[in-house]
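These notes are about the structure you will find just below.
The values are calculated or read from the model by the stated rules, or taken from the named source; none is laboratory data. Please read these numbers as outputs of a predicted model, since none were measured by experiment. Here the Cβ positions follow ideal geometry from the backbone for every residue, glycine too, while neighbour counts run over all protein chains shown.
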Amino acid sequence: MTSIAIVGAGPQLGLAIARTFGSRGFDVALISRNREKLDGLVGTLTAEGITAAAFPADVLDRDALTQALKDAATQFGGIDVLEYSPVGTFGSTALTTPTETEPSHVQHEIEFQLYGAIAATKAVLPAMREAGAGTLLYTTGAGSIDPVPQVGNVNAAAAALRNWAINLHKELDGTGVQAAHVGIDVSIGMSVIPDFPTAQPEEISPVYWDLHTTRRDQAELVFSL
């Protein structure tokens, strides 16, 4: 049986990715901070005939994140695909322009985006390399590629994750393990910026399946309309 672990699982893109893989026979491990929300997602997927389980962990707690992924691997017989896309909350994320940014503003985002991704990768990659197969997918907004001043600190950390993911793709070339960055150049579900393009999660999630199956030589895919 194959499985996917979704770190930062939520009711929008995370659920859509779970459905995309789960409908094709994958077991789904859902990881995020809120147990109640995870249980709701598990219930939704279970009702659709998809095997899913919740593994609560905060990506800022490296030990808890590592343990959650190890527990998921134990329950599902391994992790074949890792998708990393946690989203900060308005209460925990300060948005700053480049001139307003202090080192602490970037540090929080680096901890959340880059360091969390590194910890998650280290939890699953050794088994993938041993098996000679696996997929590692890292999601950011397209500001990691074409930054906008209003979210300068978030873009800086996202760009660091993008750089690391593409570099990981290069390092893993020939091992059977695929690593790729997904840049989302739309608002998901509903627009929060006037005149900015919007896509539904179900329109975006197939690109993750494509990277896992038919685009394994691709280090990056940008979703835009």
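Quick grid of which residues meet (1) touching a Leu at 6+ places or on another chain (Cβ under 8 Å); (2) modelled with pLDDT under 95:
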| residue | (1), (2) |
| --- | --- |
| M1 | no, yes |
| P11 | yes, yes |
| S23 | no, no |
| D27 | no, no |
| G43 | no, no |
| A47 | no, no |
| D61 | no, no |
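For the list (1) surrounded by fewer than 20 Cβ atoms within 10 Å (Cβ to Cβ); (2) under 14 Å from the mean Cα position of the chain (by Cα), I need the number of the one condition that A158 fails.
All conditions are met except number (1).
Just for region 173-194: of the residues that are at pLDDT 70 or above and farther than 17 Å from L137 by Cβ, which one is farthest from the chain's Cα centre (by Cα)?
G174
So I184 fits all but one of (1) out of contact with any Gly (no Cβ under 7 Å at 6 or more places or on another chain); (2) over 16 Å from E109 (Cβ atoms); (3) not polar (S, T, N, Q); what number is the exception?
Status for I184: all satisfied but (1).
Across region 83-134, what is the total count of residues that are within 26 Å of R216 (Cα to Cα) and of a type in the set (G, A, S)?
Residues flagged as within 26 Å of R216 (Cα to Cα) and of a type in the set (G, A, S) within region 83-134 amount to 11.
Criterion first (assigned to a loop (DSSP other than H, G, I, E, B) and either closer than 20 Å to A9 by Cβ or not charged (D, E, K, R) (or both)) does G152 satisfy it?
No; evaluated as a whole, the condition is false for this residue.
In region 9-21, how many residues are surrounded by fewer than 21 Cβ atoms within 10 Å (Cβ to Cβ) and touching a strand residue (DSSP E or B) at 6+ places or on another chain (Cβ under 7 Å)?
1
Residues in region 1-36 that are more than 26 Å from D185 (Cα to Cα) and assigned to a helix (DSSP H, G or I): how many?
2
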